[in-house]
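Comments concern the structure below.
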Amino acid sequence: MPTYLLLIGGPGAGKGTQAQGLREKLGLPQVSSGDLFRDNLKRQTPLGQQAQKFMDRGELVPDGLTVSMIRERLKLPDAAGGVVLDGFPRTMPQAQALDGLLAEFGGRVNVALYMKVDERVLLERLSGRWVCRGAEQHTYHLRFNPPKTPGVCDVDGTELFQRVDDAAEVQARRIKVFFEQTAPLIALYTERGLLVEIDGAQPIAQVTADLLAAVATRTAA
Ligand SMILES: [Zn+2]
């Protein structure tokens, strides 16, 4: 019986990194609905062409099409043992559609892994731009241009702080939408006894260890 894991986490929660870790340790490929979508559009598959028609009309792509894309992906040989699903489901109807789809492959959702990270921490991670308090306002980015000493300007030694700029507001909006959309799913999988909450604010290796431990417990025969 294939193993199907759901990976749930907000923007900036580190799902991509963790999905890679799960692939290495468990041999389960990551199936991201966003990647599938882009791939089908790019290759102009029949499903991609159908999706394109909706997008050209400015309409939402129906769930059925997304489900079909996932079905095609699950049929590939590397998915025979199961996959880590990322980005789907996002809504209750999608969760129901997913149940039906996995049943076609003789499986079900084994565990829903929720990488919980505080809204504020997500925002910090996403909007990594820092400015110094000096007169010249030197700028840094935590990832792309970090200071030599964390929190201190290389040039004048003043403290670094974050400005609430437009970018941060856009990120904040994305994060808010995630929490609004996800709450019912968290409730659904909790009710089914499938949800495992992982502290996603921990160091990457510890998050991976917690995820693997959760999977081991939930997939033991
Ligand atoms: Zn400075």
* What's the local net charge at C132, with K and R +1, D and E -1, over the other residues with C-beta under 15 Å away? -> 0
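First select every other residue whose beta carbon is under 14 angstrom from the beta carbon of Q52; then total the charges, Lys and Arg +1, Asp and Glu -1.
+2
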* To do: Skip the ligands, DNA and RNA, and give the accessible area per residue of the chain with a 1.4 Å probe, whole Å².
  => 55 Å²
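For the range 1-126, with only Lys/Arg (+1) and Asp/Glu (-1) charged at the beta-carbon, what is the dipole magnitude about the Cα centre, in debye rounded to 20?
The calculated dipole for the range 1-126 is roughly 140 debye.
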* Asked: Tell me, what ³J(HN,Hα) does each residue in the range 145-154 have, in order and in whole Hz, if you take phi through Karplus 6.51 cos²θ - 1.76 cosθ + 1.60 with θ = phi - 60° and put x for Gly and Pro?
  -> 8, x, x, 5, 10, x, x, 10, 5, 5
* **Total formal charge among the other residues, if their Cβ is under 9 angstrom from that of D86, Lys/Arg +1 and Asp/Glu -1** => 0
* To do: Would you please give the residues with an amide H less than 5 Å from that of F88, counting only those at least 5 places away or on a separate chain, with H modeled from the backbone geometry?
  => S33
* With the contact rule set at Cα under 8 Å and sequence spacing of 6 or more, what percent relative contact order holds for the range 122-221? -> 20 percent
* Quick one: what are the phi-derived ³J(HN,Hα) couplings along the range 48-58, Karplus 6.51/-1.76/1.60 with θ = phi - 60°, whole Hz, x for glycine and proline? => x, 5, 4, 4, 4, 4, 5, 5, 4, 8, x
* How far apart, in nm, are two points set 7 Å out from the Cα along the Cα-to-Cβ line at F161 and at K53? -> 5.6 nm
* To do: Summarise the accessible area of the chain (1.4 Å probe, protein heavy atoms) by the percent that is carbon and sulfur.
  => 53 percent
* For the range 105-118, 3J(HN,Hα) per residue [Karplus equation, 6.51 cos²θ - 1.76 cosθ + 1.60, θ = phi - 60°, Hz, x = Gly/Pro] -> 9, x, x, 7, 5, 7, 7, 9, 8, 9, 7, 7, 9, 3
* Asked: Nearest 20 debye, what's the magnitude of the dipole of the chain about its Cα centre given +1 on Lys and Arg Cβ and -1 on Asp and Glu Cβ?
  -> 460 debye
* Asked: Non-local amide H neighbours of Q30 (under 5 Å, H modeled in plane, Pro and chain starts lacking H): which ones?
  -> V84
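The values are calculated or read from the model by the stated rules, or taken from the named source; none is laboratory data. Just so we're clear, the structure is a prediction, and the values are computed from it rather than from any experiment. Here the Cβ is made from the backbone with ideal geometry for all residues, glycine too, and neighbour counts use every protein chain on show. Quick note on the areas: whole protein, heavy atoms, side chains included, nothing else; ligands and nucleic acids left out. Shrake-Rupley method; radii C 1.70, N 1.55, O 1.52, S 1.80 Å.
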